[in-house]
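Beneath this line is the structure, given in structure tokens, with notes to follow.
The values are calculated or read from the model by the stated rules, or taken from the named source; none is laboratory data. Model, not experiment: these values are computed from the prediction. A quick note on method: Cβ atoms are made from the backbone with ideal geometry, for glycine too, and the neighbour counts reach across all protein chains shown.
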Amino acid sequence: MGKWVGVALIALVVVLGVAGVGSYNSLVGLDQAVRAQWGQVENVYQRRLDLVPNLVATVKGAANFEQETLTQVTEARAKASQVTTTASKDILEDPAAFQQFQQAQQNLTGALSRLLVTVERYPELKATQNFATLQAQLEGTENRITVERMRFNEAAQAFNTRRSRFPTVLFAGFFGGRFAEKPYFQAQQGAETAPKVQF
């Protein structure tokens, strides 16, 4: 009888070991997918940061353009760039750093939107080829940002779902913050209300 209890215990330990290894390997794969997608998000945000100085320089050439608007865009870009470069490597495990990054990017989005609305008052600026090209590139980049953020959220959801399932949730707890739940990009507050455009 004691022999069978010993065999059963050994079998249980083997099964738990195999389940643990499988859960760990699964979480590692999903964690790497989230990190790879995060790299894509950073890539498109960097593209936008690179476009902004060219856009501002082109707009500065327009006579009597609102200096306050240009200052807001420049300051928002500087803040977004600073947050991007100072963000910890573990931004995906630090909800506060992730929120700070997202807020800085949303501020830049808002400043660029105000700039493009203000440009509507300057038909000679809208007619220049440089501005039209930069505006098209910026619009394309904004679309890429939306797509990459959506893909990041999908990767984070796959990770979080797997992490929360039984028995993986038990094994994930053994590794502390290594397999912390991943944050999601969320809509900016007030995004449900359409902006009012006035000239």
- Query: Filter the stretch 118-131 for residues that are of a type outside the set (A, V, I, L, M, F, W, C) and part of a helix (DSSP H, G or I); which is nearest to residue 53 (Cα to Cα)?
  - Reply: 130
- In the stretch 15-58, anything among the aromatic types (Phe, Trp, Tyr), within 30 Å of residue 140 (Cα to Cα) and out of contact with any Ser or Thr (no Cβ under 8 Å at 6 or more places or on another chain) is listed as 38
- Tally time: how many residues in the stretch 42-61 are part of a helix (DSSP H, G or I) and either touching a His at 6+ places or on another chain (Cβ under 6 Å) or not aliphatic (A, V, I, L, M) (or both)? 11
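Let's see how each residue does on (1) modelled with pLDDT of 90 or more; (2) touching a Ser or Thr at 6+ places or on another chain (Cβ under 6 Å); (3) not in a helix (DSSP H, G or I):
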| position | (1), (2), (3) |
| --- | --- |
| 88 | no, no, yes |
| 105 | yes, no, no |
| 108 | yes, no, no |
| 116 | no, no, no |
| 146 | yes, no, no |
| 166 | no, no, yes |
| 177 | no, no, no |
| 191 | no, no, yes |
- Task: Filter the stretch 26-70 down to the residues that are closer than 30 Å to residue 179 by Cα and acidic (Asp, Glu), then identify the one that is farthest from the chain's Cα centre (by Cα).
- Result: 31
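The rows are residues; the columns are (1) aromatic (Phe, Trp, Tyr); (2) without any contact (Cβ under 8 Å) to a residue 12 or more places away in the chain; (3) surrounded by 11 or more Cβ atoms within 10 Å (Cβ to Cβ).
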site	(1), (2), (3)
1	no, yes, no
6	no, yes, no
19	no, no, yes
38	yes, no, yes
42	no, no, yes
45	yes, no, yes
57	no, yes, yes
81	no, no, yes
- Message: Every residue in the stretch 21-35 that is free of Cβ contacts under 8 Å to residues at least 60 places away in the same chain and of a type in the set (Gly, Ala, Ser), please.
- Response: 22, 29
- Evaluate the following for residue 92: is it in contact (Cβ under 8 Å) with a residue 60 or more places away in the chain and out of contact with any Gly (no Cβ under 6 Å at 6 or more places or on another chain)? yes
- Query: Can you pull out the residues in the stretch 121-167 that are over 16 Å from the mean Cα position of the chain (by Cα), within 22 Å of residue 47 (Cα to Cα), surrounded by 14 or more Cβ atoms within 10 Å (Cβ to Cβ) and aliphatic (A, V, I, L, M)?
  - Reply: 134, 138
- Task: For residue 134, state whether it is under 14 Å from residue 52 (Cα atoms), touching a Ser or Thr at 6+ places or on another chain (Cβ under 7 Å), part of a helix (DSSP H, G or I) and aliphatic (A, V, I, L, M).
- Result: yes
